[in-house]
Amino acid sequence: MAVKAFTCTVCPIGCEITVIVEEGKIVDVKGFGCTRGKDYAVREVLDPRRILVTVIRCRNGRLPTVSVKTDKPIPKGKTWEIMRILSGIMVEAPISMGQVIVRDVADSGADIVATRPNPKSDENSDQPHPIRIRSFRR
């Protein structure tokens with residue numbers, strides 16, 4: 001028998017939910033305040049999923065990387081496989097927000113999409129670089 005404890009993240013209440021598992025099957029769920037919380041805990045035990053947020057390299061852009069995310073939650077067990085795939089990708093600027101970078105990454109059913117634009121770098125541009133690095137003295 002295994003006991004798994006979760007703090008529910010479905011709503012702001014944050015119920016402490018306990019799931020009892022025997023031989024790979026859920027025997028009991030306790031501590032949930034609503035059915036959404038119960039469903040969350042069951043999903044976390046049987047098929048945990050996460051939105052993956054990271055960056056990929058970008059050639060000829062104002063920034064050296066583009067921030068990306070999956071458009072839907074992916075199986076938690078595929079996270080490192082997808083990260084390995086993304087580490088080998090380099091896109092060419094310009095990139096627009098919402099642009100699909102990889103479709104159905106690692107057969108997960110999720111697309112990798114850009115979460116911010118990265119315009120093409122223009123050496124003759126009068127516009128400053130969008131990132132400012134400041135040093136602070138104490």
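For the chain, take the longest principal axis of its alpha carbons; what is the angle in degrees between that and the long axis of helix 35-46, to the nearest 10 within 0 to 90?
80 degrees
Please list 65-75, 103-113 highest first by mean number of surrounding beta-carbon atoms within 10 Å per residue.
Packing proxy ranking, top to bottom: 65-75, 103-113.
Just to verify a number: FRET efficiency for Lys4 and Arg103, C-beta to C-beta distance, R0 = 30 Å, to 0.05?
Numbers: r = 34 Å, r/R0 = 1.13.
Computed FRET efficiency for Lys4 and Arg103 comes out at 0.30.
Among [x] 9.5; [y] 9.0; [z] 13.3, which is the computed mean projected area of the Cα convex hull in nm²?
[z]
Apply the Karplus parameterisation 6.51 cos²θ - 1.76 cosθ + 1.60, with θ equal to phi minus 60°, to every residue of region 61-68 and state each ³J(HN,Hα) to the nearest whole Hz, in sequence, with x for glycine and proline.
Running phi through 6.51 cos²θ - 1.76 cosθ + 1.60 with θ = phi - 60° gives x, 5, 10, x, 9, 10, 6, 9 Hz.
Calculate one ³J(HN,Hα) per residue across region 15-25 by plugging θ = phi - 60° into the Karplus curve 6.51 cos²θ - 1.76 cosθ + 1.60, and present them in order as whole Hz with x for glycine and proline.
Using θ = phi - 60°, the values come out as 4, 8, 10, 10, 10, 9, 10, 10, 6, x, 10 Hz.
Once you keep just the Cα pairs under 8 angstrom separated by 6 or more residues, what percentage relative contact order results for region 73-113? Present the calculation step by step, with values, prior to reporting the outcome.
Working: 32 pairs, mean separation 16.8, N = 41.
Computed value for region 73-113: 41 percent relative contact order.
What range in the chain is the longest one free of GluC sites (Glu not before Pro) that are in a loop by DSSP and have at most 11 other Cβ atoms within 10 angstrom? Show your work: numbers first, answer last.
Working: sites that count: Glu23, Glu123.
The longest uninterrupted stretch comes out as 24-122.
Under 5 Å between amide H atoms, partner at least 5 residues away or on a different chain: which partners does Thr65 have, H built in plane at 1.01 Å?
Correct list: Cys58.
If you average the sequence gap of Cα pairs under 8 Å that are 6 or more apart and divide by the length of the chain, what percent do you get for the contact order? It would help to have the intermediate numbers written out before the result.
Numbers: 243 pairs, mean separation 24.2, N = 138.
Once divided by the residue count of the chain, the mean separation gives 18 percent.
Calculate one ³J(HN,Hα) per residue across region 98-115 by plugging θ = phi - 60° into the Karplus curve 6.51 cos²θ - 1.76 cosθ + 1.60, and present them in order as whole Hz with x for glycine and proline.
With coefficients 6.51, -1.76 and 1.60, one gets x, 5, 7, 8, 9, 8, 6, 4, 6, 6, 8, x, 10, 9, 9, 10, 6, 9 Hz.
Is the C-alpha gyration tensor of region 1-53 telling us rounded, prolate or oblate? Criteria: a/c under 1.5 is rounded; beyond that, a/b larger than b/c is prolate, otherwise oblate. Each step should come with its number before you reach the end.
Numbers: a/c = 2.19, a/b = 1.23, b/c = 1.78.
It is oblate, given that a/c is not under 1.5 and a/b is not larger than b/c.
Among all the lysines, which ones have a C-alpha under 30 Å from Lys4's C-alpha, if same-chain residues fewer than 8 places away are not counted?
Filter leaves Lys25, Lys30, Lys38, Lys69, Lys72, Lys76, Lys78.
Where a number appears in this text, it was derived from the coordinates with a stated rule and is not lab data. What you see is a predicted model, and the numbers here were worked out from it, not measured in a lab. Heads up, the Cβs are rebuilt from the backbone with ideal geometry, glycines too, and the neighbour counts pull from every protein chain shown.
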